[in-house]
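The next block holds one structure in the form of structure tokens; read it before the comments.
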Amino acid sequence: MDWYYSDGRQQFGPVAQAEFDTLVASGRVNAGTLVWCAGMANWTPFGTLQQTAPVASPSQGAVAATAVEPQPETRFCSQCGRPFPPGDLLQIGNMTVCAGCKDVVMQRLREGALPGGLAYQGRQYGGFWIRFAAIFIDGIILGVVGAIINVPLQIFFVAANTGTQDPTTILARTFGLAAVLIVINMGIALVYESWFIVARGATPGKMVLSLEVIRADGTRPGWGLSIGRHFAKILSSLTLYIGYIMAGFDDEKRALHDRICETRVIRK
């Protein structure tokens, strides 16, 4: 089982059960530390998950009642993890958030994200450079596939025009071949990206780097959205690649095409 925990300022994880037990033993994870693992609906103070009731040994006979001095009730913001009195927190869905985090949560709800957002479930977004590396890997793969298809067509074109002396005919056929190759390469790229995202959630380049494309609600994009996202990436390129650079400054690492299609790229 993998655990995530927060010190109130920063989120950590995933950590395996053995490492988590070590953190508990060292005191880094204590009763007030917010923790989350798969199957939990929300972040929860670790102290509420522990067995705190004292158990008497059989030789003691009756269990003596222990007086416990009541403590002021404290709850934690599901976004930032800081403690607050219950009256200072807002209930949004299955979350309790402070006033400072309310706008962020409401924005994610307007975008269609689940209550609590991706960050509350331990999700980490893929940043600019790792996504750039994934695009580079995909570019190499597409280049190899394109060469396998394009080179035979070019050889056929040269053979078909051997002996042709008319420059106008050669020029027209050259433009025709260029148009055919452009359409073929665009089709290969479209099928390559759309099929892999629908079937596997990521292109091979992203799979190598453990990245995945998801919708705002955490589900995998369908054919319509995957195809639309592919063409939206052309817009990210036509903006002098500023659409891609946006991923380095967005709080959820979204490029322009991610904003258009309401998708996110996360680390698995």
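Backbone geometry of region 223-229 corresponds, through the Karplus equation with coefficients 6.51, -1.76 and 1.60 at θ = phi - 60°, to 3J(HN,Hα) couplings of 4, x, 5, 5, 5, x, 5 Hz, x marking Gly and Pro. Taking θ as phi - 60° and the Karplus parameters 6.51, -1.76 and 1.60, the scalar couplings of region 19-26 work out to 5, 4, 4, 5, 5, 5, 5, 7 Hz in sequence order, x denoting glycine and proline.
Bear in mind these aren't lab numbers, they're just calculated from the coordinates by the rules spelled out. Because the structure is predicted, anything quoted here is derived from the model rather than measured.
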